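One structure below.
The values are calculated or read from the model by the stated rules, or taken from the named source; none is laboratory data. Keep in mind the model is a prediction, meaning the values are calculated, not measured. When the accessible area is computed, the model is the full protein with side chains, heavy atoms only, and any ligands, DNA or RNA have been set aside. Shrake-Rupley method; radii C 1.70, N 1.55, O 1.52, S 1.80 Å.
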Amino acid sequence: MAERPEIKLPSDLSYAFEWSKTGDEKKDAVLSDTEQFIKAVDMAIADQDPLDKAYRFYSEGEAAAGSQKFIQEFVDYKDRITGTKRFFDAKVKTNADGTAGLVYCEDQTKAYNKSLKTGKTDVTTPSNDDYVLYSSLLRIGKQGVWITEKLTSRRGSAECRP
């Protein structure tokens, strides 16, 4: 069993992962490890550490590089995320070559940026841009953990809007 990094998040940040267990061990592990990856990226943002080990435990290649860039933007602005992030409509496909594909939606209508300089939260009006469609490619890493290798996002996706 892999020695997973501990993920500690600010108390004012919460998640709603509205995807149920599939009953398929591999698919459920993909969903579970993706949850950890998402939280690890947010922890790196909260800690203002673009090279945090936790998200790099769950990602490599393009996905890790993209996450580092994303985290760095928050560091540059001295911001972090607060509120609730909701994830739903996950579709997992395991492939014959040992990889897996995962497509899912995020609702950011109740998630906001919080300034680390002023402590103020930038409460925004919900918009279509708050709905993001993600598509990722994962593979099993040496430690038996699903590693996100590729991750694309499309903000304002009609597929994810109510």
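What the table below lists for this structure:
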| quantity | calculated |
| --- | --- |
| Antiparallel DSSP beta bridges within the chain, percent to nearest 5 | 80 percent |
| Amide H within-cut-off set for residue 116, under 5 Å, with H built and near neighbours excluded | 79, 80 |
| With every protein chain in place, region 1-146: carbon and sulfur % of accessible area (1.4 Å) | 49 percent |
| Using alpha-carbon coordinates, inclination of helix 61-77 to the longest axis of the chain, degrees | 10 degrees |
| Solvent exposure of region 1-124 as accessible area per residue, Å², 1.4 Å probe | 55 Å² |
| Integer Hz, Karplus 6.51/-1.76/1.60 couplings in order for region 137-143, x for Gly and Pro | 10, 10, 9, 6, x, 4, 8 |
| Length-normalised contact order for the chain - Cα pairs under 8 Å, 6+ apart - percent | 23 percent |
| The chain pair-distance distribution - Cα-Cα, 10 Å bins, rounded % | 11, 39, 38, 11, 1, 0 |
| Structure-based [θ]222 nm, the chain - -39500 (n - 2.57) summed over DSSP H runs of at least 4, per residue, nearest 500 | -9000 deg cm²/dmol |
| Cα-based helix-to-principal-axis angle, 25-46 vs the chain, degrees rounded to 10 | 30 degrees |
| Long-range HN-HN contacts of residue 146 with modeled amide H, under 5 Å | 141 |
| Which of 124, 82, 118 is most accessible, then next, and so on - probe 1.4 Å | 118, 124, 82 |
